1. Can you give the Kirkwood hydrodynamic radius of segment 208-281 from its Cα pairs, in Å with one decimal?
2. Under the Kirkwood approximation for Rh and a Cα-based Rg, what ratio Rg/Rh is obtained for segment 62-111?
3. Taking every pair of alpha-carbon atoms in segment 27-72, what share in percent sits in each 10 Å bin, from 0 to the bin with the longest distance?
4. Taking only DSSP H segments of four or more residues, each worth -39500 (n - 2.57), what value at 222 nm results for the chain once the sum is divided by all its residues, to the nearest 500 deg cm²/dmol?
5. Rounded to the nearest 0.05, what FRET efficiency do Thr187 and Ala72 have when you use their Cβ-Cβ distance and R0 = 45 Å?
6. Taking GluC sites (Glu not before Pro) that fall in a DSSP loop and have at most 14 other Cβ atoms within 10 Å as cut points, what is the longest piece of the chain between them?
7. For the chain, what is the convex hull volume of the alpha-carbon atoms per residue, in Å³?
8. Treating cross-link reach as a plain straight distance, find the lysines whose alpha-carbon is under 18 Å from the alpha-carbon of Lys126, omitting any fewer than eight places away in the same chain.
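Here, each number is a calculation from the coordinates, and none is a lab measurement. Just so you know, these numbers come straight off a predicted model, no measurement behind them. Glycine also receives a Cβ, built like all others from the backbone with ideal geometry; neighbour counts cover every protein chain displayed.
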Amino acid sequence: MSFRRAVIAIIAIASAACRGTSTAPADISPDEARTQTEAWRAKHETDYRRDYASIAGLHFLVEGPQTAGSGADNDIILPPSTPARMGRFVLQGESVRFEPAPGAGVHLRDQPFTAPLMLVDDGAPKADELEVGHVRMVIHRSGARKSLRVWDAQGKEATGFLGFRWFDIQPAYRIVGRFIPDAAPRTVKTVNTFGDDDSYTTEGVVEFTLFGQVHRLRPFTARPKRFYFVFRDASSGHETYAAARFLYADLRDDGTTVLDFNQAYNPPCAFNPYTTCPLPLPENRMPVKVLAGERAYPVHVELPRS
């Protein structure tokens, strides 16, 4: 290498360091990174089949009582395996009370109950989950609205799920970025796929270099030192899902974080119409294609409007 080229290379490295980005390996070998991603993908597929592919309904509640059951005369129609009248849900302000019908056989934490019950929604760490046979239900928050989310492990959404499709694992998409904190944490709102505003905490941006270009993404803070990215890129709506993809990363003690786009994945609204998914902040729309992680779901899933 000539002296001039060496000087240019040193300047480029120094410049990247000043910008807070890195193109260095993420501290592990490509083989280790591949093994990690393969294990992560296997766990993700298992979790998503259980938690999201089997969602069979999302019913937004209105003030007052709403009957629920498999009978056609109910306000909320549940899967056919449930009782004709399971009971009723009563929304009063911020509270939801469930009143089981006699003999409905509804369980909470594996225990039957017959008296009215105030339900804890999934905005809390542990939501109250009702069960009747193989059907499960929780009160779900979407912005300021509350709904009844229903799972049916034997429903058409679960049995008709088409699975996952991934790009090949590519070492170039595993990147070390540097966290640039804001002056203070703050709450931001972003619209979800049902048009509701969801609130998240954010503490700064992550800056990184991908194929010679510097990018910044603003993560939400899922928990201390755990980042949750909601982003789009130029492949969205083509090779990848149109609305967004998700990615998690951990903040390390030295202020860096590993963004492994091989682990970027589709939100559940890509394949299930009864899920509420946040859309990216304007600053999280990358102008380049990120052809890594999960590919687009094989068919277009139309989201219901409520």
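1. 13.4
2. Over the Cα atoms of segment 62-111, Rg/Rh equals 0.99.
3. 19, 25, 21, 16, 11, 8
4. Per the formula, -4500 deg cm²/dmol.
5. 0.60
6. Answer - 95-238.
7. Expressed per residue, the convex hull around the Cα atoms of the chain is 151 Å³.
8. Output for Lys126: Lys146.
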